[in-house]
1. Under the condition of being polar (S, T, N, Q) and in contact (Cβ under 8 Å) with a residue 60 or more places away in the chain, which residue from the stretch 163-200 is nearest to Ala28 (Cα to Cα)?
2. Between Val173, Val169, Val197, which is touching an Asp or Glu at 6+ places or on another chain (Cβ under 7 Å) and modelled with pLDDT of 95 or more?
3. Test of understanding: among Arg264, Arg216, which residue is among the basic types (Lys, Arg) and either under 18 Å from the mean Cα position of the chain (by Cα) or open to solvent by 40 Å² or more (accessible area, probe 1.4 Å) (or both)?
4. Here is a list: Val21, Val89, Val105. Which entry is of a type in the set (Val, Ile, Thr), within 23 Å of Ala175 (Cα to Cα), in a helix (DSSP H, G or I) and over 24 Å from the mean Cα position of the chain (by Cα)?
5. Please specify each residue of the stretch 310-344 satisfying the condition of being touching a Phe, Trp or Tyr at 6+ places or on another chain (Cβ under 6 Å) and surrounded by fewer than 24 Cβ atoms within 10 Å (Cβ to Cβ).
6. Restricting to the stretch 37-72, name every residue that is open to solvent by 10 Å² or more (accessible area, probe 1.4 Å) and among the small types (Gly, Ala, Ser).
7. Name the residue, out of Pro366, Pro383, Pro414, that is more than 22 Å from Tyr303 (Cα to Cα), touching a Phe, Trp or Tyr at 6+ places or on another chain (Cβ under 6 Å) and either open to solvent by 10 Å² or more (accessible area, probe 1.4 Å) or touching a residue at least 12 places away in the same chain (Cβ under 8 Å) (or both).
8. Going through the stretch 14-38 one residue at a time, which ones are among the aliphatic types (A, V, I, L, M) and touching a residue at least 40 places away in the same chain (Cβ under 8 Å)?
Amino acid sequence: MYNYSEKIKNYFSDTWSSLKVLVIWLLAGTVIGGAVGITGVAFHYAIHFLTGIRAENSWIIFLLPLGGLAIVKLYSKAGMINDKGTNAVILAVRENEHLPFRTSVLIFVSTVITHFLGGSSGREGAALQIGGSMAASGGRLLKLNEKEQKILVMSGMSACFAALFGTPVTASVFAIEVISVGIMHYSAIIPCVVSSVTAFQISTALGVEPTSFSIRIVPELQEITILKVVSFAVICGLMSRFFCFVIHRIKHIFQGYIKNRYLRVLAGSCIIIVMTLVSGGQKFNGAGGEVIAESFVVRSAFYLCIVKLLFTAVTLGCGFKGGEIIPAFFVGATFGSSFSEFFGINFSFGAGIGLIALFCGATNCPMASLLMSIELFGIEAVPYFALVCGISYLVSGDTGLYGEQKIMYSRRMPEFVNKTLKNKKNKSEN
């Protein structure tokens, strides 16, 4: 005999359980978004203010060795000399590795030092670490279980990313897509969206302008244009592969030939100073946001992408802190702006293609990349950028910026592979 009462009981029990979880994550997302958002705003203004001082006092670049030594000393004193950076946040979500609160303090201070003294790095790596470690500490304080703490870490990542970039939708999806390639942690959608939107609202209320660029000419959707975009997207996807190779290879060279961390950062500082003097200015130091914006207005010189890549690889390889995504924006936008003419594509549109392709190939996050194209450029070119993201994700191969990122499913076939990029990298080196 069919038990209707038991079915109704289970129905209401399941509904109540879902509503309870909803309320918990709405509250948690709001609190995390608020705390991390305010911290992200402070981080933004610290970098902005000190970068302005460096721009007016070019001699500050000569203090870079002292800053490098200070960063190494800070991490050593804190007992985090072997810190894994953004990989530590990925491991905190996937394997519940301990992510201490001091991570947020150290990466905040060290990234500000890097930007102030002229190192070439971004902010997103720091953002993920700041947000993730703050949220992890909050989870431990509230005595949440391991699974709940993982979700909280992802919401913290989303919040700081949104506060700095002004792209809340991208931030929400990026945090749940970057951990394991091929699957998405849908259970974290609500806290990630709430925390990122909260942080975004706080940052805009406090005067942080969202990142956006204007593509001057978006071509009509035609067969010949699609073929041009497909061809160029392949080249940009391969460029993202080259970008990751250079970043990892130069770091490997520094660590292989200079074992002492203090000597390593001193050597890297001297190389950056010499490169700065040779380049005749400081457009390659810091994040380089002005050059990225300029690539959408005028066609970029062909050498800008390579020089920026070298500056960033030396900066991060020798021990300075920050992130690789804004440099990837720089390299992608200038590469796209410069070389798109060979494919008959307008330089401004080419800059957008290059930027999104580099971001997608370097992070292995096609969905977040597509959403970023909408938040940065608008919806008009979405069909093109959908193609660009898919192509870059495919041709970039099993490479990426984050060695602990796990590939769950093959990018070529619906096949379960379950391997980390680090293992792939180690195999190739052996």
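The values are calculated or read from the model by the stated rules, or taken from the named source; none is laboratory data. Here the structure is a predicted model, which is why all the values come from computation and not from measurement. All Cβ positions, even for glycine, are placed from backbone atoms using ideal geometry, and neighbour counts span all protein chains on display. Heavy atoms of the whole protein, side chains included, go into the accessibility calculation; ligands, DNA and RNA do not. Shrake-Rupley method; radii C 1.70, N 1.55, O 1.52, S 1.80 Å.
1. Filtering the stretch 163-200 for residues polar (S, T, N, Q) gives 167, 170, 172, 180, 187, 195-196, 198.
From what's left, in contact (Cβ under 8 Å) with a residue 60 or more places away in the chain: 167, 170, 180, 195-196, 198.
Numbers: Thr167: 20, Thr170: 20, Ser180: 23, Ser195: 8, Ser196: 12, Thr198: 11 Å.
Result: Ser195.
2. Values: Val173 fails: touching an Asp or Glu at 6+ places or on another chain (Cβ under 7 Å); Val197 fails: touching an Asp or Glu at 6+ places or on another chain (Cβ under 7 Å).
None of the others qualify; the one that does is Val169.
3. Working: Arg264 fails: either under 18 Å from the mean Cα position of the chain (by Cα) or open to solvent by 40 Å² or more (accessible area, probe 1.4 Å) (or both).
After applying the criteria, what remains is Arg216.
4. Numbers: Val89 fails: over 24 Å from the mean Cα position of the chain (by Cα); Val105 fails: over 24 Å from the mean Cα position of the chain (by Cα).
Just a single option satisfies the conditions, and that option is Val21.
5. Passing the criteria: Gly317, Ser338, Phe343.
6. Result: Ala42, Ala46, Gly52, Ala55, Ser58, Ala70.
7. Working: Pro383 fails: touching a Phe, Trp or Tyr at 6+ places or on another chain (Cβ under 6 Å); Pro414 fails: touching a Phe, Trp or Tyr at 6+ places or on another chain (Cβ under 6 Å).
Matching residue, one of Pro366, Pro383, Pro414: Pro366.
8. Let us first name the residues in the stretch 14-38 that are among the aliphatic types (A, V, I, L, M), namely 19, 21-24, 26-28, 31-32, 35-36, 38.
Correct list: Leu22, Leu26, Ala28, Val31, Ile32, Ala35, Val36, Ile38.
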